[in-house]
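The values are calculated or read from the model by the stated rules, or taken from the named source; none is laboratory data. Source: prediction; values computed, not measured. Every residue, glycine among them, receives a Cβ derived from its backbone with ideal geometry; neighbour counts consider all protein chains shown. Only protein heavy atoms, including side chains, enter the accessible area calculation; ligands, DNA and RNA are left aside. Shrake-Rupley method; radii C 1.70, N 1.55, O 1.52, S 1.80 Å.
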Amino acid sequence: YECHSLEGILLPDGLTQIGPGAFYNCKSLKEINLPEGITNISSQTFKFCRNLEKVTISGKVVKIMDEAFMTCTNLKDIIFPDSVKTIEVFAFRGCSSLEKITIPSGVDKLKSGAFLGCGNLKEVTLPNGIVLDNAEGNTGVDIYFKVIFGNCPIQVLNIILKEGEGADGNITPVT
């Protein structure tokens with residue numbers, strides 16, 4: 001927490017959890033590799049790590065909690081493993097260096113504001129059948145999309161279709 005000069009850390013393979021806010025405001029942290037034992041990325045774990053550029057998420061992470069990477073303004077590279085099921089509220093809000101993301105087919109819920117304010121996010125790939133969860137109570141897929149990806153200059157939206165599905169795609173808003 002607030003280790004301003006911490007640039008890197010090697011997390012042990014046996015590690016199973018990182019507490020909420022553990023690396024909060026570690027301004028110099030540039031890269032993190034999460035070991036295989038981690039299943040959830042806790043709330044605010046890397047919030048305000050403004051120099052964090054690359055995150056490698058292990059193949060066992062199921063949930064990325066609220067504000068986990070909020071305001072990591074230099075985060076350029078994030079690869080989500082297929083194990084991820086839910087990306088919570090404001091998880092990547094304000095990650096202004098992200099330009100392209102691919103949400104894997106395992107993700108079934110993308111929560112309100114998950115990528116809000118990612119000012120350089122131009123390309124998003126979503127799995128077919130994803131649930132866009134909107135805590136605002138609005139209706140319509142376009143509104144849900146704006147709540148999750150607000151202030152993002154998205155130019156390309158790809159919807160991954162599962163084998164045997166039609167070309168229409170399916171995005172389900174939660175009401």
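If a residue must be open to solvent by less than 40 Å² (accessible area, probe 1.4 Å) and part of a loop (DSSP other than H, G, I, E, B), how many such residues does region 53-72 contain? Explain how you work it out, then say what you get.
Just the residues of region 53-72 that are open to solvent by less than 40 Å² (accessible area, probe 1.4 Å), to begin with: 55, 57-58, 61, 64, 67-72.
Next, only the ones that are part of a loop (DSSP other than H, G, I, E, B) stay: 57-58, 61, 67-72.
So the count comes out to 9.
For PHE115, are the conditions met, namely being free of Cβ contacts under 8 Å to residues at least 40 places away in the same chain and either within 30 Å of GLN155 (Cα to Cα) or hydroxyl-bearing (Ser, Thr, Tyr) (or both)? So PHE115 passes the test.
Here LEU157 meets each of (1) loosely packed, with under 14 Cβ neighbours inside 10 Å; (2) at pLDDT 80 or above with one exception, condition (2). Just one residue in the set LEU15, LEU29 is farther than 26 Å from LYS111 by Cα, open to solvent by less than 10 Å² (accessible area, probe 1.4 Å), out of contact with any strand residue (DSSP E or B) (no Cβ under 8 Å at 6 or more places or on another chain) and part of a loop (DSSP other than H, G, I, E, B); that residue is LEU29.
Consider region 112-125 and keep the residues that are buried (at least 22 other Cβ atoms within 10 Å of the Cβ) and touching a strand residue (DSSP E or B) at 6+ places or on another chain (Cβ under 6 Å). The one that is modelled with the lowest pLDDT is VAL124.
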